[in-house]
């Protein structure tokens with residue numbers, strides 16, 4: 001398999017000209033010259049990601065969730081709440097650690113900048129889950145949630161599969177393994193998080209765990225920018241390095257991701273939660289897969305699935321429209337006006 005080399009920290013022989021720049025396998029000097037950029041989408045996405053700045057301490061009401069967790073949630077809802085948090089904690093942990101491994105091979109400074117922002121946001125998400133745990137659940141339960149995979153065979157299999165996809169590239173940095181790693185990242189951001197998010201949105205729709213729902217709404221807002229980032233990276237690889245791009249690999253990995261996510265979600269959510277059952281899990285996961293493939297200009301894997309079964313998600317997730325009244329006063333941008341000013345002209 002053809003190899004792929006890490007960026008040099010400083011390459012005096014590099015060429016920073018925009019015309020010579022590529023998404024990977026380029027040869028820049030290592031300087032972040034952000035006045036000369038090749039990818040307009042990166043500049044637009046930077047502004048959105050900066051504007052999305054938030055910290056978990058700004059989310060109020062978790063003490064109300066602590067009371068509600070013990071009084072109003074059924075045992076099945078409590079189990080799902082803890083198990084899904086465990087999986088989300090793993091996903092954000094592995095992203096925080098692994099994103100720099102991808103950035104080492106990206107040869108566009110404006111895209112490297114976005115990956116640095118994403119790494120920071122994933123760390124904020126980990127802090128958010130810690131804030132939820134220290135407020136909502138008993139201290140004796142926290143390690144149980146963090147290490148739920150040690151006792152749950154399905155979650156262990158899930159975590160191991162995701163971790164191994166990243167480890168394969170670290171162990172053998174070939175073009176093939178890099179592309180698979182990039183697709184794995186897209187799937188993690190675009191598919192793996194979302195049945196968990198849907199569970200918390202369902203609780204909110206039933207007027208339960210509202211503060212947790214607000215925290216998840218912030219996290220989901222960040223994750224959508226991450227989905228967009230990696231979709232754009234994949235599209236640029238397709239354009240600039242068609243020999244590396246492989247649509248069959250994307251379709252095969254998406255199919256595996258859907259199968260695994262349905263298995264995990266059925267396992268942790270069961271069939272006794274109001275608003276969620278095996279059929280809605282299947283329909284939502286396959287519908288979402290079709291939407292994510294559409295971002296990559298790939299025909300759907302599940303053409304018979306055309307609707308999201310969770311109708312209320314439009315209201316809870318679309319925070320930029322009038323449909324978002326539920327979160328209108330609580331999910332906001334903590335934007336410093338100065339953060340959107342400077343020499344990088346938008």
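Throughout, read-outs are computed from the coordinates displayed, never taken from laboratory work. Computed from a prediction, not measured in an experiment: that's the story for all the values here. FYI the Cβ positions are ideal-geometry reconstructions off the backbone, even for glycines, and counts take in every protein chain you see.
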Degrees, to the nearest 10: 194-205 long Cα axis against longest axis of the chain: 40
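Would you mind calculating the relative contact order of the chain from Cα pairs under 8 angstrom and at least 6 residues apart, reporting the percent as a whole number?
Working: 401 pairs, mean separation 80.7, N = 346.
That works out to 23 percent.
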For residue 267 and residue 249 in one chain, what is 0.36 nm times their gap in residues minus the Cα-Cα distance, to one decimal in nm? 3.8 nm
Using only the Cα atoms of the stretch 62-330, what are the Rg and Dmax in Å? 18.3, 57
MRE, 222 nm, helices only [DSSP H, n ≥ 4, -39500 (n - 2.57), over the chain, to nearest 500]: -20000 deg cm²/dmol
Quick one: what does P(r) look like for the stretch 183-311 with 5 Å bins over all Cα pairs, in whole %? 2, 10, 19, 22, 20, 13, 8, 4, 2, 1, 0
In the stretch 152-177, which residues have a backbone nitrogen under 14 Å from the label point lying 7 Å from residue 241's Cα in the Cα-to-Cβ direction? 169-170, 173-177
